[in-house]
Amino acid sequence: MGQARWVAVVPVKRLRAAKSRLRGALPAVPHEELALALVADTVGAALACPAVAEVLVVTADPQVAATVGAAGARVVPDHPDAGLNAALRHGVQAAADDGRSWLAALTADLPALRPAELAAALHAAGTGPTGVRRFVADAPGTGTVLLTTPPGVPLAPRFGAGSAAAHLASGAVPLPGVWPSLRRDVDTAADLADAARLGLGPATAALTGVVPAAPGRTGRGPRTDGQVYGAGMQGTVATFDAQSRTGVLLLDDGTELPFPASAFDASGLRLLRLGQRLTVHTDPDGAVVRVTLPTMV
Ligand SMILES: Nc1nc2c(ncn2[C@@H]2O[C@H](COP(=O)(O)OP(=O)(O)OP(=O)(O)O)[C@@H](O)[C@H]2O)c(=O)[nH]1
Ligand SMILES: C=C(OP(=O)(O)O)C(=O)O
């Protein structure tokens, strides 16, 4: 699926009520500014995703509407004003009047989201058995960050507490890919710290004072040179076999990520020791193409 065929529907709560569990996470930053920055970075990454033809934001908040509208998203007023799932169903109606759209509901609290990881997840959602809804669970595995549906199949969103189980029970199929920046939704201060380790988008990074570590941090397009998007996903060496030159990295979110000999060969390193910290470089599909020491450029 090379072409941009997805419509991403992004629900956004009124800023004054949004992200209540995050309130006070950055004491020097007004809460609504932080909530808006999360939205701006999520929508920015979705707009930069090559698989996405349109980003449709459903919101009743004028400031959100102005910010995402200026960035290039289509804004649909949250007329039902009856919560997240009602907002999504309303957005779907606005998006899918021709009945031919592939739809992806995306939460707006993913400030580390990389366009390439979203593209990889949408690619996975668009292949395999037909007529099936798919979802990507959040990092803890209990919530949902992405729910997709092919043309003609109702989205039937069941976001909210325990939504991963609810989506599974409703017949949606979980997508198992390694997409840490997509799975890292930010509900709490600890989640924000985790997202910062993955590499924040420009709006949230500016508020937190985090300086992007990797070159090209501000270029939100997918990279084709094997460099990671963002401030560099890192992990530690869990296993390494010097004979086959392959091993497994343990990412900071607990995910195990195998790497092939070619990724080690591209590192320029002569050996790896267990527990060693490495920066992981992936291609747009999330495959590891190179590992380097965090101090290497
Ligand atoms: N349009 C719209 N979006 C909503 C509504 N409630 C939640 N959302 C959005 O749904 C997504 C997931 O919601 P949550 O992660 O629970 O975010 P939240 O409700 O702002 O956070 P908390 O106040 O901490 O529960 C976020 O993008 C929210 O902005 C709503 O009533 N209307
Ligand atoms: C909205 C959701 O939950 P949370 O508020 O935990 O992000 C969800 O995961 O469906």
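The residue that is nearest to ligand 2 (Cβ to nearest atom), among those in segment 181-207 that are under 30 Å from Thr130 (Cβ atoms) and in a helix (DSSP H, G or I), is Arg183. Every listed requirement among (1) closer than 22 Å to Pro11 by Cβ; (2) outside any helix (DSSP H, G or I); (3) more than 16 Å from ligand 1 (Cβ to nearest atom) is met by Val178 save one, (1). The residue of segment 96-120 that is surrounded by the fewest Cβ atoms within 10 Å (Cβ to Cβ), among those that are more than 14 Å from ligand 1 (Cβ to nearest atom) and outside any loop (DSSP other than H, G, I, E, B), is Trp102. Does Gly177 qualify as being assigned by TED's automatic domain parsing to the domain that holds Ala35 and within 12 Å of ligand 2 (Cβ to nearest atom)? Considered against the rule, which asks whether it is assigned by TED's automatic domain parsing to the domain that holds Ala35 and within 12 Å of ligand 2 (Cβ to nearest atom), Gly177 comes out as no.
Search segment 165-181 for residues being without any contact (Cβ under 8 Å) to a residue 24 or more places away in the chain and among the small types (Gly, Ala, Ser), and hand back the single one that is nearest to Asp252 (Cα to Cα). Going through the qualifying residues, I end up with Ala165.
Please verify whether Val136 is among the hydrophobic types (A, V, I, L, M, F, W, C), closer than 19 Å to Leu175 by Cα, in the same structural domain as Asp185 (by TED's automatic domain parsing) and touching a Lys or Arg at 6+ places or on another chain (Cβ under 7 Å), treating the condition exactly as stated. In short, yes.
Each residue in segment 182-200 was checked for being within 16 Å of ligand 1 (Cβ to nearest atom), of a type in the set (A, V, I, L, M, F, W, C) and either in contact (Cβ under 8 Å) with a residue 12 or more places away in the chain or not assigned by TED's automatic domain parsing to the domain that holds Gly143 (or both), and 5 pass. Please verify whether segment 130-139 includes one or more residues that are within 12 Å of ligand 1 (Cβ to nearest atom) and either more than 23 Å from Lys19 (Cβ to Cβ) or buried (at least 21 other Cβ atoms within 10 Å of the Cβ) (or both). Yes, segment 130-139 contains a residue that is within 12 Å of ligand 1 (Cβ to nearest atom) and either more than 23 Å from Lys19 (Cβ to Cβ) or buried (at least 21 other Cβ atoms within 10 Å of the Cβ) (or both). Scanning segment 59-94 for residues that are within 16 Å of Arg16 (Cα to Cα), within 16 Å of ligand 2 (Cβ to nearest atom) and crowded, with 17+ Cβ neighbours inside 10 Å turns up Thr59, Asp78, Leu84.
Annotation: Ala51 fulfils all but one of (1) buried (at least 24 other Cβ atoms within 10 Å of the Cβ); (2) away from ligand 2 (no atom under 16 Å from the Cβ); (3) closer than 18 Å to Pro202 by Cβ; the unmet one is (3). Which residue, of Ala51, Ala25, is under 28 Å from Ala120 (Cβ atoms), in the same structural domain as Leu113 (by TED's automatic domain parsing) and touching a helix residue (DSSP H, G or I) at 6+ places or on another chain (Cβ under 8 Å)? Going through Ala51, Ala25 in turn, just one is under 28 Å from Ala120 (Cβ atoms), in the same structural domain as Leu113 (by TED's automatic domain parsing) and touching a helix residue (DSSP H, G or I) at 6+ places or on another chain (Cβ under 8 Å): Ala51.
Can you find, within segment 253-283, the residue that is nearest to Asp185 (Cα to Cα) among those that are loosely packed, with under 15 Cβ neighbours inside 10 Å and acidic (Asp, Glu)? Among residues in segment 253-283 that are loosely packed, with under 15 Cβ neighbours inside 10 Å and acidic (Asp, Glu), the one nearest to Asp185 (Cα to Cα) is Glu256.
The values are calculated or read from the model by the stated rules, or taken from the named source; none is laboratory data. The structure presented is a predicted model; accordingly, all values stated were derived computationally and were not measured. Here the Cβ is made from the backbone with ideal geometry for all residues, glycine too, and neighbour counts use every protein chain on show.
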